[in-house]
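Asker: One structure, pasted below without further comment.
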Amino acid sequence: MLETSARLLKLLSLLQTHRDWPGADLAERLGVTTRTVRRDVERLRELGYPVHALQGTPGYRLGAGASLPPLLLDDDEAVAVAVGLRTATSSSVTGIEETALRALTKLEQVLPSRLRHRVSTLQNATVRAGVAPGPKISADTLMTIADACRRHERLRFDYTSPRGGASRRDVEPYRLVNFGRHWYLVAFDCDRDDWRTFRVDRLIPRPPTGPRFTGRDLPYDDVATYLAHQLSARTWPCQATVTLHESADTVADRVWPGMGAVEAVDEHSCLLHLGAETPADLVWMITSVQTDFTLVSGPPEVESALRRQAERCLNAIARDR
């Protein structure tokens, strides 16, 4: 009986590891006949695991059932799940902290001592630093938006602008993006006939969703680049564009998310579009890329700030000598 139970657990682990398994391969892995594999599969089905037979070839696949059966995780997978759940307990998504904590408690109760030690060691050695957590967002709001994106259904919501004004929006949702401390919805605004970005913590969905639509092409290669461009330039009072005298690929790692949008020109140069609160902030951001550059556009105050920064650096050298 113990041998059969151990074999069933091993069979279940194999079925969870790969999508499709030929019966002969399972028999070889388990060291039994294909007939024994068929009997073991029937036992798993009796226990509630939806094991389906493959069409066209003798084999098996573990499908999705009406309820979630127990999962078999290896050491690294178990630690990864525990760390992910612990992170979720302090996330910016409301409504999942308690659920994540319950799941984490159940998992830690069955973790072997060596794995509990790995998880606790990582927790004790890790300190969350940097900017404060972003505004809280309900999991229901995120799921409503995500479902509308998946189904290509128009989404209606009330939106509060940064200046406090409220409006009703009707959009074709494209993607949800977790960027820095905030969640954003990138969508095509039907009333304004243009692409827009919306802070999710400022919107309230108004169900039901609207009619289905045909997806549009985003005006950038990817949604992350588009959002970076929107956040780094259009939303700031002081904006500028500079030519960096290196290729876009070379400087990509030096331009952090939210700082600016890089636009390739040729193999020797690229454009950096960026925005900030003040001209001095812009100068600091531009010079932090650590490459030669030319100011292309921006208010006169940016040029003055660049001159002041250059004078400070020259004065510093002169004083040292």
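The values are calculated or read from the model by the stated rules, or taken from the named source; none is laboratory data. As the structure is a computational prediction, the values presented were derived from the model and not from experiment. Every residue, glycine as well, gets a Cβ built from its backbone with ideal geometry; the counts of neighbours run over all protein chains shown. Calculation scope for accessible area: heavy atoms of the full protein, side chains included, ligands and nucleic acids excluded. Shrake-Rupley method; radii C 1.70, N 1.55, O 1.52, S 1.80 Å.
Asker: Just add up the charged neighbours of residue 305: K/R +1, D/E -1, any other residue whose Cβ is under 13 Å from the Cβ of residue 305.
Answerer: Value of the local net charge: -2.
Asker: Mind giving me the nanometre distance, one decimal, between the label points for residue 161 and residue 47, set 7 Å out from Cα along Cα→Cβ?
Answerer: It is 6.0 nm.
Asker: For residue 265 and residue 315, compute 0.36 nm times the residue count separating them, minus their Cα-Cα distance, and round to one decimal in nm.
Answerer: Stretched out fully, the residue 265 to residue 315 stretch lengthens by 14.5 nm.
Asker: State the percentage of accessible surface on the range 173-238 attributable to carbon and sulfur atoms; use a 1.4 Å probe and exclude ligands, DNA and RNA.
Answerer: Here carbon and sulfur together make up 46 percent of the probe-accessible area.
Asker: Something else now. Please report the net charge: other residues with Cβ closer than 14 Å to the Cβ of residue 254, K and R +1, D and E -1.
Answerer: Once positives and negatives cancel, what remains is -4.
Asker: How many nm separate the modelled label positions at residue 4 and residue 204, each set 7 Å beyond the Cα in the direction of the Cβ?
Answerer: 6.0
Asker: Continuing with the same structure: In units of 2.2 N^0.38 Å, what is the alpha-carbon radius of gyration of the chain?
Answerer: The value comes to 1.39.
Asker: Please report the net charge: other residues with Cβ closer than 14 Å to the Cβ of residue 104, K and R +1, D and E -1.
Answerer: Details: positive: 86, 102, 106, 116; negative: 97, 98, 108.
Taking every other residue near residue 104 into account, the sum is +1.
Asker: Name the most mobile residue of 85, 14, 244, meaning the one with the largest mean-square fluctuation, in a Gaussian network model of the chain with Cα contacts below 10 Å.
Answerer: Looking only at 85, 14, 244, the biggest GNM fluctuation is shown by 14.
Asker: Further, regarding this structure: At 7 Å along the Cα-to-beta-carbon direction for both residue 97 and residue 191, put a label point, then send me their distance in nm to one decimal.
Answerer: Calculated label separation equals 3.4 nm.
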